[in-house]
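Structure first, then comments.
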Amino acid sequence: MPYADNGGLRIHYEELGGEHDLPPLVLVFGFGMTVLDWVDLGYVEALKDAFRLIAIEPRGHGTSDGSTNPDDYRLDLLASDVIAVMNHLAIEKAIVGGYSLGAKIVLSLASRHPQRLAGLVLGGFEFASEVRIEDDLVIDSLRKGGPAWRDLWRRMMDLPPAMAERLLQANTGALIALREAEGCWESLADAVHTIDVPCLLYAGEHCLGRNAVRAAASSIASSRYVELAGLTHFQVLGESAWICSEVRRFFA
């Protein structure tokens, strides 16, 4: 497996598409997901003939290194994992896409490293997350172990079998630390005002982050907002054909 080094941490990535005229597209999925989820959910097949695709597992995800210390999951450190992979692959500028937690990481990257961006794809995010550690559903499921974590996802969306299997193998200790840290992150509401590259934004009609995504779109000059009618935050993940067609159209 290919890894980039970030301050002694191994950050796993995969190159999933060949060279094309458009800038590379770097992908960062949501909380607890892996690079292979981009494959199983259909995104790679829909985009590989248009973009050089690089999918990244930030610290604590998949086979990347992680710790059980919440201090190791500051938002700027997660953003630096993406930059480390770009540096490792000698990618000066890229279109960077993220969904949910991935979108937060990408927004942090955009505010700290705007010179590395050729464009953005952002979906399903909130500017800040309220995490009540004592009764947080995510933390509770992770504490119970892999089967409970997988079953939580199964209640939210139709899971490809391979994705369900990977959820069983999640680094639950690292993800608990990340979730605890997430509740302490700074708001990203101001980050959108610094974006000056083309930005495609999307959310489901019933996504908790819908209002934040729409507000971000209204603050970014070169942006387009698209909404998936009738869908929740997790159901949007399965709409790869629709989302990828919008990505291709926007950056054509």
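A few notes on this one:
- Residue count for the range 112-126 under the criterion of being surrounded by fewer than 23 Cβ atoms within 10 Å (Cβ to Cβ) and assigned to a strand (DSSP E or B): the result is 3.
- Scanning the range 229-252 for residues that are of a type in the set (Phe, Trp, Tyr) and more than 24 Å from Arg52 (Cβ to Cβ) turns up just one, Phe234.
- Test: residue in the range 96-111 that is loosely packed, with under 15 Cβ neighbours inside 10 Å and either without any contact (Cβ under 8 Å) to a residue 40 or more places away in the chain or touching a Phe, Trp or Tyr at 6+ places or on another chain (Cβ under 7 Å) (or both): no
Let's see how each residue does on (1) buried (at least 21 other Cβ atoms within 10 Å of the Cβ); (2) more than 26 Å from Ala181 (Cα to Cα); (3) not hydroxyl-bearing (Ser, Thr, Tyr):
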| position | (1), (2), (3) |
| --- | --- |
| Asp49 | no, yes, yes |
| Ile56 | yes, no, yes |
| Gly62 | yes, no, yes |
| Arg74 | no, no, yes |
| Leu78 | yes, no, yes |
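- Any chance Leu208 is in contact (Cβ under 8 Å) with a residue 12 or more places away in the chain, under 17 Å from the mean Cα position of the chain (by Cα) and not in a loop (DSSP other than H, G, I, E, B): no
- Checking Ile91 against (1) in contact with a strand residue (DSSP E or B) (Cβ under 6 Å, 6 or more places away or on another chain); (2) assigned to a loop (DSSP other than H, G, I, E, B); (3) more than 25 Å from Trp149 (Cβ to Cβ), the condition it does not meet: (1)
- Per-region count, the range 46-81, residues part of a helix (DSSP H, G or I), more than 14 Å from the chain's Cα centre (by Cα) and touching a residue at least 40 places away in the same chain (Cβ under 8 Å): 6
- Residue check for Gly102: within 28 Å of Met1 (Cα to Cα) and outside any helix (DSSP H, G or I): no
- The lone exception for Leu168 - which of (1) of a type in the set (A, V, I, L, M); (2) under 19 Å from the mean Cα position of the chain (by Cα); (3) closer than 23 Å to Leu27 by Cα it fails: (2)
- Leading residue by the ranking (nearest to Ala217 (Cα to Cα)) among those in the range 157-196 that are crowded, with 20+ Cβ neighbours inside 10 Å and in contact with a Pro (Cβ under 7 Å, 6 or more places away or on another chain): Ala181
- Whenever a residue of the range 216-230 is surrounded by fewer than 18 Cβ atoms within 10 Å (Cβ to Cβ), it has no partner that is outside any strand (DSSP E or B) and hydroxyl-bearing (Ser, Thr, Tyr) lying with C-beta atoms less than 7 angstrom away and at least six residues away or across chains.
- Candidates in the range 1-19 are the residues that are within 17 Å of Trp38 (Cβ to Cβ) and not aliphatic (A, V, I, L, M); of these, the one that is surrounded by the most Cβ atoms within 10 Å (Cβ to Cβ) is Tyr13.
- Looking across the range 231-244, the residues that are of a type outside the set (Ser, Thr, Tyr), more than 27 Å from Ser111 (Cα to Cα) and in contact (Cβ under 8 Å) with a residue 40 or more places away in the chain come down to Gln235, Gly238, Ala241.
- The range 127-156: number of residues that are surrounded by 15 or more Cβ atoms within 10 Å (Cβ to Cβ), assigned to a helix (DSSP H, G or I) and in contact (Cβ under 8 Å) with a residue 24 or more places away in the chain: 6
- From the list Ala84, Ala90, the one residue that fits, being on the phi < 0 side of the Ramachandran plot and not aromatic (Phe, Trp, Tyr), is Ala84.
Computed from the coordinates by the stated procedures, all read-outs in this text should not be read as laboratory data. Quantities reported herein were computed from a predicted structural model and do not represent experimental measurements. As a convention, Cβ positions derive from the backbone with ideal geometry for all residues, glycine included, and neighbour counts pool all protein chains shown.
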